[in-house]
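Participant: Take this structure, written in structure tokens, and hold onto it; I'll ask about it next.
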Amino acid sequence: MSEITVIGLGAMGTALAEAFLNQGYSVTVWNRSPAKAEALAAKGAIVAVSVEEAVRSSPLIVTCLLVYDTVREALGPVAAALSGRTVVNLTNGTPEQAREMSDWAISHGADYIDGGIMAVPPMIGGPHALILYSGSSQAFDACSGQLGALGTSKYLGEDAGLAPLYDISLLTGMYGMFAGTLQALALTGAAGIPAGAFMPLLASWLQAMQGLLPKWAEQIDSGDHTSDVVSNLGMQADAYVNLIDASRSADVSTELVLPMQSLMKRGVAAGQANADLSSLVALLRLSKQ
Ligand code: FVH
């Protein structure tokens with residue numbers, strides 16, 4: 001018997017297993033392609049020859065596979081062995097998938113915790129690796145010590161869908177920043193400006209703009225989007241046209257920037273020209289309109 005089983009030894013699963021081993025836990029591992037377990041075996045992991053053996057080896061089962069379907073594919077045939085164990089699924093997915101997985105695991109007698117990893121593999125085990133959890137609070141309390149080996153844990157509540165909801169929302173914010181960065185670099189690059197020369201300015205500008213976000217949260221929660229600065233939506237919508245025109249003149253694609261313009265136009269048409277940009281969030285919630 002071991003304390004923790006890790007199922008899935010891709011880049012992330014391997015980092016998770018290593019972090020548990022580094023904290024002195026006894027760890028059983030399983031991966032579809034057995035070769036990926038060899039390096040962990042050299043570090044003290046026990047390699048299971050089947051998923052069933054892996055599941056039966058520990059009370060705490062951590063899964064980190066590519067997508068939810070692969071988790072069900074792997075665990076489905078050995079569902080009976082899950083009874084009495086805790087499954088912590090750190091595979092990326094949607095809130096709906098997490099709730100379905102939770103119902104499925106509970107129906108087989110297991111406790112279920114879903115997780116969202118806000119880190120890349122080299123960060124695992126360090127304090128900057130944030131791992132979001134939701135699902136059974138009782139099970140989370142019981143294994144929070146072991147999970148602490150992976151990074152900083154944040155438990156969000158009983159609904160298993162919360163961790164993926166926060167995870168996906170954080171990733172959405174990240175991709176928005178990446179999209180803007182790609183556009184900015186294409187535009188400056190088309191003018192022959194090296195990325196290395198422009199990037200420090202962009203990084204510090206993005207950091208300065210982060211200062212607006214707490215006010216947005218207040219405005220969205222209160223519903224009062226009154227603009228008390230000098231950058232209301234109407235002004236920004238007019239200036240935004242220049243982003244599009246400058247890209248077109250430089251023969252840079254506008255595919256990343258056009259959707260924001262369309263939302264700004266909707267906001268102005270809805271009478272929100274004098275409000276702050278935070279007022280646009282309501283227009284994205286289609287069923288509320
Ligand atoms: N890597 C990262 O930066 C991100 C950070 C945030 C969280 N994600 C999510 O973590 C999940 C695993 O990601 P990964 O980086 O470990 O992914 P891979 O290295 O591609 O490994 C995939 C593992 O899944 C196994 N697998 C795939 N299909 C099946 C299947 N049908 N049956 C059983 N196992 C399967 C694969 O096995 P193998 O190809 O080695 O045999 C790997 O173990 C993921 O949800 C990220 O979104 C990572």
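Since every read-out is calculated from the coordinates, none of them should be taken as a lab result. Bear in mind the structure is a predicted one, so any value in this text is a computation, not a measurement. Here the Cβ is made from the backbone with ideal geometry for all residues, glycine too, and neighbour counts use every protein chain on show.
Participant: With +1 on each Lys and Arg Cβ and -1 on each Asp and Glu Cβ, and nothing else charged, work out how big the dipole of the chain is about its Cα centre, in Debye to the nearest 20.
Facilitator: Dipole magnitude for the chain comes out near 340 debye.
Participant: Count the lysine pairs in the chain whose Cα atoms lie under 28 Å apart, taking only pairs 8 or more positions apart in sequence or on different chains.
Facilitator: The result is 4.
Participant: Give me TYR240, TYR175, TYR112 sorted ascending by neighbouring Cβ count inside 10 Å, so fewest comes first.
Facilitator: So the residues, fewest neighbours to most, are TYR175, TYR240, TYR112.
Participant: Another question, if that's okay. State the extension gain, in nm to one decimal, for the chain segment bounded by ASP245 and ILE220, taking 0.36 nm per residue of separation less the distance between their alpha-carbons.
Facilitator: Difference between extended and current length: 5.9 nm.
Participant: Shifting gears a bit: Rank the residues THR86, THR94 as a footprinting-exposure proxy: fewest other Cβ atoms within 10 Å of their Cβ go first.
Facilitator: In increasing order of surrounding Cβ atoms, one gets THR94, THR86.
Participant: To one decimal place, what orientation-averaged projected area in nm² is obtained for the convex hull of the Cα set of the chain?
Facilitator: Taking a quarter of the hull surface, the average projection is 18.4 nm².
Participant: Mind sorting HIS108, HIS128 by how few other Cβ atoms lie within 10 Å of their own Cβ, fewest first?
Facilitator: HIS128, HIS108
Participant: So which residue, out of LEU170, LEU202, LEU60, gets the largest mean-square fluctuation from a GNM of the chain using Cα contacts under 10 Å as springs?
Facilitator: In the Gaussian network model the winner is LEU202.
Participant: Given the options GLY126, GLY211, GLY93, which has the most mean-square fluctuation in a GNM of the chain, springs set between C-alpha atoms less than 10 angstrom apart?
Facilitator: The residue with the greatest mean-square fluctuation here is GLY211.
Participant: Separate question: Can you give me the distance in nm between label points at SER262 and LEU283, each placed 7 Å from the Cα along the Cα-to-Cβ direction?
Facilitator: Modelled inter-label distance: 1.2 nm.
Participant: Could you tell me which of TYR133, TYR155, VAL27 has its Cα farthest along the dipole of the chain towards the positive end, charges placed at Cβ (Lys, Arg +1; Asp, Glu -1), taken about the Cα centre?
Facilitator: VAL27
Participant: For the chain, take the longest principal axis of its alpha carbons; what is the angle in degrees between that and the long axis of helix 233-249, to the nearest 10 within 0 to 90?
Facilitator: Rounded to the nearest ten degrees, it is 80.
Participant: Per-residue ellipticity at 222 nm for the chain, helices alone: DSSP H runs ≥ 4 residues times -39500 (n - 2.57), over residue total, nearest 500 deg cm²/dmol?
Facilitator: Using -39500 (n - 2.57) per qualifying helix, the result is -15500 deg cm²/dmol.
Participant: Classify segment 4-157 as rounded, prolate or oblate, taking a ≥ b ≥ c as the square roots of the eigenvalues of its Cα gyration tensor: rounded when a/c is under 1.5, otherwise prolate if a/b is larger than b/c and oblate if not.
Facilitator: rounded
Participant: Here's another thing I want to ask about it. Considering only C-alpha atoms, what is the centroid distance from segment 1-28 to segment 42-75, in Å?
Facilitator: Measuring centre to centre over Cα atoms gives 10 Å.
Participant: A follow-up question, please. Assuming R0 = 25 Å, what is the FRET efficiency of MET177 and THR94, from their Cβ-Cβ distance, to the nearest 0.05?
Facilitator: Values: r = 22 Å, r/R0 = 0.87.
The formula returns an efficiency of 0.70 here.
Participant: Distance between Cα centroids, segment 194-229 to segment 247-289: provide it in whole Å.
Facilitator: 16
Participant: Here is a further query. Among VAL120, VAL71, VAL87, which one shows the biggest mean-square fluctuation in a GNM of the chain, springs joining Cα atoms closer than 10 Å?
Facilitator: Evaluated over the chain, the most mobile residue of the options is VAL120.
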